[in-house]
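The values are calculated or read from the model by the stated rules, or taken from the named source; none is laboratory data. Note that the structure is a prediction, hence the values are computed from the model and not measured. Note that we place each Cβ from the backbone using ideal geometry, even for glycine, and neighbour counts take in every protein chain shown.
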Amino acid sequence: MPDSSIAPISQSVPEPSRRFCVAPMMDWTTPHFRYLARLLSRRTLLYTEMVTTGALIHGDTERFLRHDPLEYPLALQLGGSDAGELAHCARLAQQYGFDEVNLNVGCPSDRVQNNMIGACLMGHPAKVAEGVSAMIEATELPVTVKHRIGINGRESWDELCEFVETVAAAGCKTFIVHARIAILEGLSPKENRDIPPLKYDWVYRLKQQYPKLEIIINGGIKTFDECHDHLAHTDGVMLGREAYHNPWMLAGVDPAFFGEAAPVASRQEALRAMFPFIQQELDRGVYLTHITRHIMGLFLGMPGGRQFRRHLSENANKPGSGLEVIEQALAKIRQPAPDTAPA
Ligand SMILES: Cc1cc2nc3c(=O)[nH]c(=O)nc-3n(C[C@H](O)[C@H](O)[C@H](O)COP(=O)(O)O)c2cc1C
């Protein structure tokens, strides 16, 4: 319930850049993955997994909001539609130090639809506007919305514009648009990320029609070349699955999109830099396997990468496993032969 006694404790900080973002992904963009992602790129804006307002208010708030300060800039994604609850949770986001609070209007799961959470809210623009307005009132953080280009039965251009205009009128300035509709009956969430066709041109058109709004494009983006193409038409790109399965790509983000040096020189360096955090998590009773599942992609395509993954899969789940298991896995990576010095 709204609790006005919660005083904001975070400093007013400049709004983070959304030029390159990693998407919110349930069970994937956990604190462990985000820590690795941050070691690879200082500038990428990271999003948490979605947490529902109900879970935050009635559940273990501390557990849902736990993150390491190293993860900043970091956005909290909320699922919900009750304005009072959203306001309360937006205040919590600020209190816990997040840089942005984002509302999920894209998730097609049945479980959330029953509670008026996610993509079904695209059919209720006024409800979303009410929630957004309450969140803006409650916090100094930027309030953003992640949505689809439509839902089945409500998939016209005019309906998309009505949604964006209604929510923008409530004060939302940033829209992260997954460039496909969601089909609310008959497709699983996974199918809803692949089957409805991508319509990037609709997202470009939104930016043309509403040039003052910040429009971030999402869905099916894999390469930096694609990102640069999208950036010619939009303000930012958000990558989900590709960034998770191939996290090393993130090491190229700061040079490619921000003109800054990469924070690490090698995958090994990044992983070793994560050791103190992993040890701290192990000391807290976290199982190694819960951490290593999020680093599986780091050596994708490298000689020995498969053996690295196999070693972790077979050993990280054994009782008492610690950093030595990661060291053993690292030893499976074969370095390319060093260049011979010219004679
Ligand atoms: C495992 C998984 C979990 C996801 N969970 C969320 C979520 O919690 N909130 C959300 O807005 N989108 C969620 N998504 C959707 C992604 O944020 C993104 O919109 C979608 O995957 C399309 O982008 P991509 O093609 O770059 O992966 C999830 C996607 C995946 C693969």
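The table below gives the values:
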read-out	value
Residue pairs meeting the criteria (Cβ under 6 Å; at least 6 apart or on separate chains; first farther than 10 Å from THR166 by Cβ, in region 111-132; second at pLDDT below 95 and basic (Lys, Arg))	none
Test: residue in region 191-210 that is closer than 16 Å to GLY106 by Cβ, away from the ligand (no atom under 15 Å from the Cβ) and surrounded by 19 or more Cβ atoms within 10 Å (Cβ to Cβ)	yes
Meets criteria (within 16 Å of the ligand (Cβ to nearest atom), under 20 Å from the mean Cα position of the chain (by Cα) and within 16 Å of SER41 (Cα to Cα)) for ALA251	no
Residues located in region 168-191, provided they are over 21 Å from the mean Cα position of the chain (by Cα) and not small (Gly, Ala, Ser)	ILE183, LEU184, GLU185, LEU187
Meets criteria (at pLDDT below 95, in contact with a strand residue (DSSP E or B) (Cβ under 6 Å, 6 or more places away or on another chain) and in a loop (DSSP other than H, G, I, E, B)) for PRO2	no
Count - residues of region 16-35 that are within 16 Å of the ligand (Cβ to nearest atom), outside any loop (DSSP other than H, G, I, E, B) and closer than 19 Å to ALA270 by Cβ	6
Any hit, region 114-130, residues being on the phi > 0 side of the Ramachandran plot and in contact with a Pro (Cβ under 7 Å, 6 or more places away or on another chain)	yes
Pairs, first in a helix (DSSP H, G or I) in region 36-54, second among the basic types (Lys, Arg), C-beta under 9 Å, six or more apart	LEU40/ARG267
Yes/no for VAL101 being at pLDDT below 95, of a type in the set (Val, Ile, Thr) and within 27 Å of HIS67 (Cβ to Cβ)	no
Residue satisfying condition, being crowded, with 24+ Cβ neighbours inside 10 Å, under 27 Å from GLN209 (Cα atoms), within 16 Å of the ligand (Cβ to nearest atom) and not hydroxyl-bearing (Ser, Thr, Tyr), within set ALA119, ALA179	ALA119
Qualifying residue in region 231-239 (condition: surrounded by fewer than 21 Cβ atoms within 10 Å (Cβ to Cβ), more than 17 Å from GLY106 (Cβ to Cβ) and either under 13 Å from the mean Cα position of the chain (by Cα) or within 11 Å of the ligand (Cβ to nearest atom) (or both))	no
Residue under evaluation LEU103, criteria (1) surrounded by fewer than 23 Cβ atoms within 10 Å (Cβ to Cβ); (2) touching a residue at least 12 places away in the same chain (Cβ under 8 Å); (3) within 14 Å of the ligand (Cβ to nearest atom), criterion not met	(1)
Those residues of region 14-35 which are over 12 Å from the mean Cα position of the chain (by Cα), surrounded by fewer than 22 Cβ atoms within 10 Å (Cβ to Cβ) and modelled with pLDDT of 95 or more, in sequence order	SER17, ARG19, HIS32
Any hit, region 62-78, residues being without any contact (Cβ under 8 Å) to a residue 60 or more places away in the chain, away from the ligand (no atom under 14 Å from the Cβ) and more than 19 Å from the chain's Cα centre (by Cα)	yes
